[in-house]
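Notes follow the structure.
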Amino acid sequence: MGFEWILAFLALGLVVGFMAGLLGIGGGGIMVPILTSIFLAQGIPVEQVVHMALGTSMASIIFTSFASMRAHHKKGAVMWNVVKYMAGGVILGTFAATFLATYMKSVHLAIFFAVFMAYVSIQMAIDKKPKPSRELSTPPSLFGVGSLIGIVSALVSIGGGSLTVPYLVWQNVDLKRAIATSAAIGFPLSIAGTLGYVINGMMHSSGSEMMLGFVYLPGVILISIVSYFTAPLGAKMAHTLPVGKLKKIFALLLMILSIKMLTSVI
């Protein structure tokens, strides 16, 4: 791997970690389009670039989600009773969806990613919160919703926060506790997704150098090393920077990156 690619992965980790801490979002929305461009520039066949981007992004999320979960747990904000019931569904849905993703063409995955990120961008731009209108669901319902969140998260390689947080707020959970609980759910989600992309990659890819299934190991290491340390910095800056305005700018960036990814594989 050339020096320019090392710098690219380090820069990506810096941005991903900082934005995750600042705006409370996972890095998949940034990582997947940029990783797709990097892998295309490295000469990876277009049929595999999106799968590699999803797998590498999911593996990178493990480390930042663990750091986030630990920080929220120290503050006593995680609702572990909710995590207990949703995590099982999330793990099952995420792992199963990686098998679906493997049989989807890159262009179809790119379309699904672009559509979902358009939804996330609009949600972030208008910053509309769902109205708390009902009590927390029963354990079977939490398991079922967790499964659906896991399926979508695996197909777009996110930690699930853009779905889990609104759902919990709608269930009359305080926003801060919803974010903390979502962070805790994101950790097993990312592990299940990574395992799925590793297994499926081993069965369907050529086993390129420095690859573990669909996971590009040097990229994961370089992104994670930087993002693990920049995420706390972003969280600290959230108290001084105009987060509201930054969210609107970031929403536009997500939209542009998604469109670029879509056009690059068509």
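The values are calculated or read from the model by the stated rules, or taken from the named source; none is laboratory data. All figures in this text were calculated on a predicted structure; none of them were measured in a lab. Neighbour counts run over all protein chains shown; Cβ positions are idealised from the backbone, glycine included. Side chains are part of the model used for accessible areas, which takes the heavy atoms of the whole protein and leaves out ligands, DNA and RNA. Shrake-Rupley method; radii C 1.70, N 1.55, O 1.52, S 1.80 Å.
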Below 22 Å, Cα to Cα, which lysines can LYS75 reach? Residues fewer than 8 away in the same chain don't count.
LYS84, LYS176, LYS236
Output ³J(HN,Hα) for segment 103-113: one whole-Hz value per residue in order, computed from phi by the Karplus curve 6.51 cos²θ - 1.76 cosθ + 1.60 with θ = phi - 60°, and x for Gly and Pro.
8, 8, 6, 4, 5, 5, 5, 5, 5, 4, 4
Amide H neighbours of LEU212 at under 5 Å, excluding residues fewer than 5 places away on the same chain, with H built from the backbone geometry, are LEU217
Positive end of the charge dipole of the chain (Lys, Arg +1 and Asp, Glu -1 on Cβ, about the Cα centre): tell me which of ILE111, PRO132, VAL46 has its Cα farthest that way.
PRO132
Please state, as a whole number in µm²/s, the translational diffusion coefficient that the Stokes-Einstein equation yields for segment 3-62 at 25 °C and 0.890 mPa s, with Rh defined as the Kirkwood radius across alpha carbon pairs.
209
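What Kirkwood radius, in Å to one decimal, follows from the Cα pairs of the chain?
18.2
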Across segment 160-176, in residue order, what do the Karplus-derived ³J(HN,Hα) couplings come to in whole Hz, using 6.51 cos²θ - 1.76 cosθ + 1.60 with θ = phi - 60° and x for Gly and Pro?
x, x, 5, 10, 5, 4, x, 5, 5, 4, 4, 8, 6, 8, 4, 4, 5
Which ³J(HN,Hα) values in Hz, rounded to whole numbers, follow from the phi angles of segment 217-226 under the Karplus curve 6.51 cos²θ - 1.76 cosθ + 1.60, where θ = phi - 60° and Gly and Pro get x?
4, x, x, 4, 4, 5, 5, 5, 4, 7
Output ordering of 6-15, 217-226 (per-residue mean of other Cβ within 10 Å, highest first) is 217-226, 6-15
FRET E, pair SER133, ALA71, Förster distance 35 Å, beta-carbon r, rounded to 0.05
0.75
Rounded to the nearest 500, what is the chain's calculated 222 nm mean residue ellipticity when only DSSP H runs of at least 4 contribute -39500 (n - 2.57) each, over all residues?
-27500 deg cm²/dmol
Be a star and scan segment 97-137 for residues whose amide nitrogen sits under 20 Å from the point 7 Å along the Cα-to-Cβ vector of ASN81.
132-137
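Pull out a ≥ b ≥ c, the square roots of the eigenvalues of the alpha-carbon gyration tensor of segment 118-168, then state rounded if a/c is under 1.5, prolate if not and a/b is larger than b/c, and oblate in the remaining case. Show your work: numbers first, answer last.
On the way: a/c = 3.43, a/b = 1.16, b/c = 2.96.
Oblate.
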Counting only protein heavy atoms with a 1.4 Å probe and every protein chain in place, the carbon and sulfur fraction of the accessible surface of the chain in whole percent equals 73
If r is the Cβ-Cβ distance from LEU7 to GLN42 and R0 is 22 Å, what FRET efficiency results, to the nearest 0.05?
0.95
